[in-house]
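Some notes on the structure that comes next.
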Amino acid sequence: MSRFKDLQKNLFGGTTSNARQFGMIFTLVAIVLLFQGLTANNLGVGFGDGLTLRSDNLIALFQQNSYILILAIGMLMVIVAGHIDLSVGSVAAFTGILVAKSMADWDLPWPVAILFGLAIGAAIGAWQGFWVAYVGVPAFIVTLAGMLLWRGANQYVGNADTIPVPKGFQDIGAGFLPEVGPNTGYNNLTLLLGLAACLAVVWRELQARKVRKEMNAEPAPLWVSVFRMAVMVAVLVFVTLRFAGGRVGTSFPVSGLILVVLVIAYSFYTRNTAGGRHIYAVGGNSRAAELSGVKLKRVNFFVMMNMSILASLAGMIFVARSAASGPQDGLSWELDAIAAVFIGGAAVSGGIGTISGSIVGGLVMAVLNNGLQLLGVGSDRVQIIKGLVLLLAVALDVYNKSQGRFSIIGSLTRPFRRDEPSDPTKQSDASDKPATTTVAG
């Protein structure tokens, strides 16, 4: 087999989950480069002087969309379990107004106010989870009611007022990693964070090769693994220098750091724990999962409650960045989160999807929105273009998969199907069927 075919197979059709996600990452990179070129052309400058890859724009883009990406983590788990949550924007807004009033009117210290906000999210999630899991009302109906209920509660409690929040609280949404250590011309903590990310990429690739060897499976050719690591490390180094080399006082956002911690934690949970696998089992085939001993009600209750907790966190981060809570907070956030999850490779029927894929899907929508704004496209046309991109991207991918052609979503989701059935005589047939129990990457 030629090296090109080796590369194609192991980047898009290989056997490790990180390789399968290169398709969506390449899509994101292509969109970034497209808008970099278009903005440079508009300004009449060279490609390197475009607006998209400027440090201040990348920092602002990440800060402005971190709360949507946090919502996408919880929404992925809800959708994988076979549900949908339409209330997350209203839950975020209601939590934001209560937390702002708790600090303004009740003099709660901001760390206590954050815990108070998370408790509100947990209580709302328990309420909605009870109706879904134990009463059996479809999540669509429960959260549609919740969207109206919590939006009305937000307006009732806030009385259409804007309530400011203290400086310490603002740091979780508008703060940056501080300057420490010697003067290197960059933010040293951001450099260390980037170095840790590069080491993690190398470790994960080497670990994947080690696991495949222990399973007596053939790993990807060494040069393919090196190429894959080189591409990822190069991207991480470039992004790290962009974030670390912005104007003085800026660096990697605190909200971005919170997002990174959540992505790592939830990726580990969905991929390496029984609870995470149960979510995928329920979404793949709830009846079979229940017969296998999965506590169906407990799983459904958990995913709904977890979603509301993350929605409350997203709402607080948005209020912190805005420096105040207002009556229009949270509008249409649920649609952005759902779009991120589906663009990132989740299946409408449930059972398939990844945390990392949803984050990349969210970044695709964020870059698209940011790039169109930089080009001066009106907000009305931005909404039209985003809607068409979402519809056409998923429709084209589904069509390609049905025709047996290359599919980005198919390449993202294939590693989460059971390729090795217990009965070797049925291996050729089982390899084409989705698994009832899958894990997230």
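A few points about this structure:
- Sole exception among (1) surrounded by fewer than 17 Cβ atoms within 10 Å (Cβ to Cβ); (2) basic (K, R); (3) part of a helix (DSSP H, G or I) for R271, by number: (1)
- Every residue from region 285-300 that is open to solvent by less than 30 Å² (accessible area, probe 1.4 Å), more than 25 Å from A314 (Cα to Cα) and in contact (Cβ under 8 Å) with a residue 40 or more places away in the chain: A289
- Residue match in region 331-342 (condition: closer than 18 Å to V88 by Cα, in contact (Cβ under 8 Å) with a residue 60 or more places away in the chain and over 16 Å from the mean Cα position of the chain (by Cα)): yes
- Single condition V303 does not satisfy, out of (1) open to solvent by 20 Å² or more (accessible area, probe 1.4 Å); (2) not in a loop (DSSP other than H, G, I, E, B): (1)
- V282 being surrounded by 21 or more Cβ atoms within 10 Å (Cβ to Cβ) and at pLDDT 90 or above: yes
- Under the condition of being more than 25 Å from Y269 (Cα to Cα) and open to solvent by less than 10 Å² (accessible area, probe 1.4 Å), the residues counted in region 328-366 number 2.
- Each residue in region 238-290 was checked for being more than 15 Å from the chain's Cα centre (by Cα), closer than 29 Å to G175 by Cα and of a type in the set (A, V, I, L, M, F, W, C), and 8 pass.
- Test: residue in region 29-47 that is in contact with a strand residue (DSSP E or B) (Cβ under 7 Å, 6 or more places away or on another chain), open to solvent by 30 Å² or more (accessible area, probe 1.4 Å), of a type outside the set (V, I, T) and over 17 Å from G125 (Cβ atoms): no
- Matching residues in region 77-92 - criterion: being surrounded by 24 or more Cβ atoms within 10 Å (Cβ to Cβ) and part of a loop (DSSP other than H, G, I, E, B): A81, D85, S87
- Selection of region 167-212 for residues being touching a Phe, Trp or Tyr at 6+ places or on another chain (Cβ under 8 Å) and surrounded by 18 or more Cβ atoms within 10 Å (Cβ to Cβ) yields F169, G173, F176, L177, N187, L189, T190, L193, G194.
The values are calculated or read from the model by the stated rules, or taken from the named source; none is laboratory data. Predicted, not measured: the structure shown is a model, and the values here were computed from it. Reconstructed Cβ throughout: ideal geometry from the backbone, glycine too, with neighbour counts over all protein chains shown. Ligands, DNA and RNA are excluded from the accessible area calculation, which covers all protein heavy atoms including side chains. Shrake-Rupley method; radii C 1.70, N 1.55, O 1.52, S 1.80 Å.
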